[in-house]
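Student: The structure under discussion is supplied below as structure tokens; questions concerning it will follow.
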């Protein structure tokens, strides 16, 4: 837990008092005791359910136990008042001196304020983005990337040992389709190059070359239907020509060999992954580990997973009933290997092999999860698109089976994003043709803001202003608007204002030891209360796997600071810097510095820059 969390500290005091009042109860009786901010701020600073949740075990009326607990809590030096309320709650109002001391705690800890031992160094594998390397990153991938990256930062701050991972889906029908599309683009690029002269008359290529080298001619000549083929493959094809010239064209100009297609596929995947890494880097996302699906298959990880499950009695031969609604790709009405997923909470058992002997998508994912478990991770987290919601139970089932329930799998679902401009959806990409790419989004915002860094910050903050599983409209105009309606601007402006005050004061030193008795105004104390809630916010957001809570907290913190700023403009006695009141000035500068520190700490979690000044 965080050493700075006053909610955790008062909870511990509450549990200790209850244990003294009820010595006959075992220690685990107090596990459900909580200390939280009250729903109504007029009720105080904190509220505990302690009396209510243990009264039944103690065979006492909750109000009676609440009265006893309130009396004991009132005697604590940090508590000004404790009063029973409702069916067993106790509301607490804290001593102002105890609250003010939190300013010094922030300044002493710096941006480590809010760091927690909650995770206890537990190894967590966080897999996010993992987009198929068949096209550019789109805005849906963008949301998953931001959520995953911020969640990784959040978990690290909460004390977990986090590995950020990308699973490359480089096996199966989709990348085979990519290989064919790349080969078509290769032929187009080749026939437009000097090297194309030597192959232009070969078999089917004669007609292909003479007919503007169109997609339809390629499909007719080689008997394939192209699934991909956007302009983003043009540079990939040109690089393939530069590397291999005409060597990939068969002597008869017909269908390329399996070896050639495998070479083209590997080349295209590598080029697309390089482009994906570049796009992610523009967004400030850098994963540490990239795992290849094809590599796991070649290493025999699928067979290893099957053998492990079979040894546990969890593989059998059977015929599945046809599922309701649209049939999934991996369902076939035939006897096949099935995993007993229903034994672990899934609706039905799941097929392991297709009719051609290759692994189903599910089976290949089993290999991926076995690989994670073998690397010693105690917790696995995925960030998936909401369209994968039906896949969650089966993967949780197989992780339970593989790890005998010792490894936990959590899945965060990210809903779709619509990009809006001038009140209308932006529908088309400059490169992909059918969707808005991540790079389009960033470049458009960079043009509007004059800075790619500002564009990145706008995207990252905005993507975290709603819970991941809620649908989102990303309004380009709002994202660059300099007003309270733009939460990224609102928070960064608060930090810039803090820095402006501190620069004006000459960057005073040793503010952590400043006397704070002058901080008595309700707006000052409200700001301190918000700051003091930061460690609790970190832990709660980490436990819930909800990084959007950080954006909400920062918006509220910025709002409290702006309120105090505006009060100072109306009431000269509340101004941050007053030459005639040096002690009050140092106290208020300490509060400003603490506010800036917590904003920076929160923005670091979000992966957003804390700007020093704003024009």
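The values are calculated or read from the model by the stated rules, or taken from the named source; none is laboratory data. Fair warning: this is a prediction, and the values are worked out from it, not measured in the lab. In this analysis, Cβ positions are derived from the backbone assuming ideal geometry, glycine residues included, and neighbour counts consider all displayed protein chains.
Student: Filter segment 270-296 for residues that are in contact with a strand residue (DSSP E or B) (Cβ under 7 Å, 6 or more places away or on another chain) and within 20 Å of residue 134 (Cα to Cα) and give the result.
Tutor: Of everything in segment 270-296, those that are in contact with a strand residue (DSSP E or B) (Cβ under 7 Å, 6 or more places away or on another chain) and within 20 Å of residue 134 (Cα to Cα) turn out to be 273, 287, 289, 290, 291, 292, 293.
Student: Shifting gears a bit: From 524, 485, 507, which residue is modelled with pLDDT of 95 or more, surrounded by fewer than 19 Cβ atoms within 10 Å (Cβ to Cβ) and either assigned to a loop (DSSP other than H, G, I, E, B) or assigned by TED's automatic domain parsing to the domain that holds residue 594 (or both)?
Tutor: 507
Student: Can we say residue 128 is under 14 Å from residue 287 (Cβ atoms) and modelled with pLDDT of 95 or more?
Tutor: Judged against the criteria, residue 128 is a match.
Student: Quick one: how many residues across segment 369-405 are in contact with a strand residue (DSSP E or B) (Cβ under 8 Å, 6 or more places away or on another chain), farther than 26 Å from residue 467 by Cα and surrounded by fewer than 16 Cβ atoms within 10 Å (Cβ to Cβ)?
Tutor: 2
Student: What is the one condition in (1) surrounded by fewer than 24 Cβ atoms within 10 Å (Cβ to Cβ); (2) in the same structural domain as residue 266 (by TED's automatic domain parsing) that residue 178 does not satisfy?
Tutor: Result: residue 178 passes all but (1).
Student: Which fully enclosed helices (runs of 4 or more DSSP H) of segment 382-481 have 1 or more residues being closer than 17 Å to residue 279 by Cβ?
Tutor: Hits in segment 382-481: 438-449, 452-463.
Student: Ok, one more. Could you go through segment 93-112 and let me know if any residue there is closer than 23 Å to residue 543 by Cα, within 31 Å of the chain's Cα centre (by Cα) and part of a loop (DSSP other than H, G, I, E, B).
Tutor: no
Student: Tell me which residues, restricted to segment 333-358, are over 23 Å from residue 393 (Cβ atoms) and out of contact with any strand residue (DSSP E or B) (no Cβ under 7 Å at 6 or more places or on another chain).
Tutor: 334, 355, 356, 357, 358
Student: Something else about it: Say whether the condition of being touching a helix residue (DSSP H, G or I) at 6+ places or on another chain (Cβ under 8 Å) and over 27 Å from residue 598 (Cβ atoms) is met by at least one residue in segment 34-49.
Tutor: Within segment 34-49 (the criterion being touching a helix residue (DSSP H, G or I) at 6+ places or on another chain (Cβ under 8 Å) and over 27 Å from residue 598 (Cβ atoms)), the answer is no, since none of the residues qualifies.
Student: Which of the helices (runs of 4 or more DSSP H) found entirely inside segment 201-289 contain at least 3 residues meeting this: over 28 Å from residue 168 (Cβ atoms) and in contact with a helix residue (DSSP H, G or I) (Cβ under 7 Å, 6 or more places away or on another chain)?
Tutor: 204-210
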